[in-house]
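The values are calculated or read from the model by the stated rules, or taken from the named source; none is laboratory data. Fair warning: this is a prediction, and the values are worked out from it, not measured in the lab. So basically every Cβ, Gly included, is an ideal-geometry build from the backbone, and we count neighbours across all protein chains shown. With ligands, DNA and RNA removed, areas are computed over all heavy atoms of the protein, side chains included. Shrake-Rupley method; radii C 1.70, N 1.55, O 1.52, S 1.80 Å.
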Amino acid sequence: MSDIQIVLASDERAVEKGTKAWQLFADAPEIIAARVGGELKDLAYELADGDTVEGVAIDTPDGRDILRHSTAHVMAQAVQELFPQAKLGIGPPITDGFYYDFDVAEPFVPEDLVKIESRMKKIIKEGQKFDRREISDDDARTELADEPYKLELIGLKSTAGDAAEGASVEVGEGGLTIYDNLKRDGSVVWSDLCRGPHLPTTKRIPAFTLMRSAAAYWRGDEKNKQLQRIYGTAWETKEALEGHLHRIEEAQRRDHRRLGTELDLFSFPDEIGAGLPVFHPKGGVIKREMEDYVRRRHIEEGFEYVGTPHIAKEGLFYTSGHLPYYGEGMFPALELDGGDYRLKAMNCPMHNLIFRSRQRSYRELPLRLFEFGHVYRNEKSGVIHGLTRVRGFAQDDSHSYVTPEQAPDEIRHLLNFVLSLLRDFGLDDFYLELSTRDDSKPDKFIGSDEEWAVATKVLEDVCLESGLELVPDPGGAAYYGPKVSVQARDAIGRTWQMSTIQYDFNMPSAERFDLEYVAADGSRQKPVMIHSAKFGSIERFMGVLVEHYAGAFPPWLAPVQVVGIPVAERHADYLYEIRARLKALGIRVEVDDSDERMQKKIRNAQLQKVPFMLIAGDNDVEAGAVSFRYRSGDQENGIALDDAVARIVEAIQTRVQV
């Protein structure tokens, strides 16, 4: 048998014709798939001459996706063995897990999940083989005649990219493939329409668990039938699974929706509507501190504060391109004075009108405009989530108008601004994500290839200069230009998209707002417009902070910074004198003079996550001192009042966490 040439780990080698990918990695049990020429393949793939091959380990992002997709297939097999009338929807991997949708007569209950998980363990123990085969559309329709949702996906194959949620996971972009689950004797026990790849056998699933079930509309469309979705998770080791479950418990403890109620920060009254929060006095303190901080920082960074209305004539958003390219994200039109108006989804169109309000000179550039602009997005009810996904929110929205030559320096300036802001709020673990145009969908973006190339290169160069990790996000750009977003990791390692910087060469164009400045030579030139949002959404940023700190804000952000606790009623007046002194310094302080016992007052302050407690008894009053207690439970007695005040002031001014 003749040899063929392949490239493995940058080394060219000869292997026998007919060699399978698994044979290259026989001594590497962590390898569960292969990447051949950049495409993921099963280990059963037969190598071809000239292939470039690398192993895919189970503990990599691609490896986990393959593990989870294979586990979803095992779950679907178990469901159909236990519930033979169940019809299959889709079953893709998702972040940290997987799901599969089923059409069943009755919703799943927790006892069903226990049975399904038990049957899955049996299938895994059997070591069934995942076997791929190609099939024609007609043969697939015959074989899957009893699976109406699979038949629908086959019909959508020609437009899989636009078909719907999950469709491309099933049918891919080329011909159809089916994966059979084979017993050791080669007999088929279960099959599913899927593009793969999959694990070699079910025994390669080391650790999994089912999480919950929920209703889900077929293909994510509320006009379609409601199916039952089972969520699960799978990991490369039992330890990794246990770590994930621990993180989930910690995330639930930190859930900003629960803490928002417990700490009396905000609420979502039904009478107002979904995704429209109201801030209570304590939440208002945090929001005001955030606003005061970012307003001051913008002014220090050379921005000028402006203000614009919540609504505008509909034509403005046609000019900006938002209605043609982002219309589904905007609320329906409001009829007024015989014309249509829209709630604004972005502030940039109105800032452009401020720039255009008079002739501009190159000497004015960079011209930096900033506002707290309240915007409205027509989010679907299914994606609304506390403060982190709302329909109405305030953006610390800014726009820099620069010459093309000034654009790189302005982006550096904005990126440094963003990173320093995040650090001030206690977020210091981040990376950058560069969102670019999807060249396969030119109708979703405006501007020439040359303009996109220049804009993308400028952003990429500045990001690389920063020394931070840069992750590509192909197709994630706005319709008017590429963007870089700062992805910040919180206290338990979750990643949140925070600030964004966008390079826009389209809105200033003659076809849009026709923005101009007079250059040094007297000619009229087009500025580059750079969008930036430091918080992004104040509401979302606050939700992230609540979870990052688990509600225990650093003293400078805490709604109540100090609570005075008298040992007995006779000590309250002394603490009120201290309160007056602290209030004169701008410190937020309360005295708990309720009838509760002292220990209960301490407990209440800890539950409200107040940073400092000043406790006073007879000896403290006589000595002009206090017992200084931290919310951690640490306490120092007999601290001189001047020292106590100095500690509080320093903690607030330095933004430390206590």
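Figures for the structure shown
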{"read-out": "Residues satisfying the stated conditions in the stretch 400-432, i.e. within 14 Å of Ile501 (Cα to Cα) and of a type in the set (Lys, Arg)", "value": "Arg412"}
{"read-out": "Cβ pairs under 7 Å, 6+ apart, first in the stretch 128-143 and in contact (Cβ under 8 Å) with a residue 60 or more places away in the chain, second of a type in the set (Lys, Arg) and open to solvent by 90 Å² or more (accessible area, probe 1.4 Å)", "value": "Gln128/Lys183"}
{"read-out": "Positions within the stretch 326-339 being open to solvent by 70 Å² or more (accessible area, probe 1.4 Å) and either on the phi < 0 side of the Ramachandran plot or in contact with a strand residue (DSSP E or B) (Cβ under 6 Å, 6 or more places away or on another chain) (or both), in sequence order", "value": "Glu328, Pro332, Leu334, Glu335, Leu336"}
{"read-out": "First in the stretch 582-597 and under 20 Å from His571 (Cα atoms), second anywhere and open to solvent by 50 Å² or more (accessible area, probe 1.4 Å), Cβ under 6 Å, 6 or more apart", "value": "Val589/Arg579; Val591/Tyr576; Val591/Arg579"}
{"read-out": "Residues that are open to solvent by less than 60 Å² (accessible area, probe 1.4 Å), of a type outside the set (Val, Ile, Thr) and closer than 21 Å to Thr237 by Cα, drawn from the stretch 1-40", "value": "Phe25, Ala28, Ala33, Ala34"}
{"read-out": "Test: residue in the stretch 154-171 that is hydroxyl-bearing (Ser, Thr, Tyr), modelled with pLDDT of 95 or more and either surrounded by fewer than 18 Cβ atoms within 10 Å (Cβ to Cβ) or in a strand (DSSP E or B) (or both)", "value": "no"}
{"read-out": "Output for the stretch 569-585, where each listed residue is farther than 12 Å from Ile648 by Cα, among the aliphatic types (A, V, I, L, M) and in contact with a helix residue (DSSP H, G or I) (Cβ under 8 Å, 6 or more places away or on another chain)", "value": "Ile578"}
{"read-out": "Residue match in the stretch 544-561 (condition: out of contact with any helix residue (DSSP H, G or I) (no Cβ under 6 Å at 6 or more places or on another chain), over 16 Å from Arg389 (Cβ atoms) and β-branched (Val, Ile, Thr))", "value": "yes"}
{"read-out": "Residue in the stretch 437-446 that is without any contact (Cβ under 8 Å) to a residue 24 or more places away in the chain and among the acidic types (Asp, Glu) present", "value": "yes"}
{"read-out": "So Leu415, is it assigned to a helix (DSSP H, G or I), at pLDDT 90 or above and among the aliphatic types (A, V, I, L, M)", "value": "yes"}
{"read-out": "For Ala105: the one exception among (1) hydrophobic (A, V, I, L, M, F, W, C); (2) more than 24 Å from Arg219 (Cβ to Cβ); (3) out of contact with any Phe, Trp or Tyr (no Cβ under 7 Å at 6 or more places or on another chain)", "value": "(2)"}
{"read-out": "Check on Glu117, out of contact with any Asp or Glu (no Cβ under 8 Å at 6 or more places or on another chain) and in contact (Cβ under 8 Å) with a residue 60 or more places away in the chain", "value": "yes"}
{"read-out": "Residue selected from the stretch 58-76 under the condition in contact with an Asp or Glu (Cβ under 8 Å, 6 or more places away or on another chain) and open to solvent by less than 10 Å² (accessible area, probe 1.4 Å), by the criterion nearest to Arg35 (Cα to Cα)", "value": "Gly63"}
{"read-out": "Test: residue in the stretch 542-562 that is surrounded by 19 or more Cβ atoms within 10 Å (Cβ to Cβ), modelled with pLDDT of 95 or more and within 30 Å of Asn352 (Cα to Cα)", "value": "yes"}
{"read-out": "Residue match in the stretch 274-283 (condition: in a loop (DSSP other than H, G, I, E, B), touching a strand residue (DSSP E or B) at 6+ places or on another chain (Cβ under 7 Å), aliphatic (A, V, I, L, M) and within 24 Å of Ser537 (Cβ to Cβ))", "value": "yes"}
{"read-out": "Odd one out for Ile648, checked against (1) in contact with a Phe, Trp or Tyr (Cβ under 8 Å, 6 or more places away or on another chain); (2) open to solvent by 10 Å² or more (accessible area, probe 1.4 Å); (3) under 26 Å from Leu545 (Cβ atoms)", "value": "(2)"}
{"read-out": "Failed item in (1) without any contact (Cβ under 8 Å) to a residue 40 or more places away in the chain; (2) assigned to a helix (DSSP H, G or I), with Ala28 passing the rest", "value": "(2)"}
{"read-out": "Residue under evaluation Met120, criteria (1) at pLDDT 95 or above; (2) in a helix (DSSP H, G or I); (3) over 26 Å from Leu40 (Cα atoms), criterion not met", "value": "(3)"}
{"read-out": "Residue within the stretch 6-17 that is on the phi > 0 side of the Ramachandran plot and under 30 Å from the mean Cα position of the chain (by Cα) present", "value": "no"}
{"read-out": "Among the residues listed as Ser509, Ser523, the single one being surrounded by fewer than 22 Cβ atoms within 10 Å (Cβ to Cβ), polar (S, T, N, Q) and closer than 16 Å to His351 by Cβ", "value": "Ser509"}
{"read-out": "Those residues of the stretch 441-499 which are farther than 25 Å from Phe535 by Cβ, open to solvent by less than 40 Å² (accessible area, probe 1.4 Å) and of a type in the set (A, V, I, L, M), in sequence order", "value": "Ile446"}
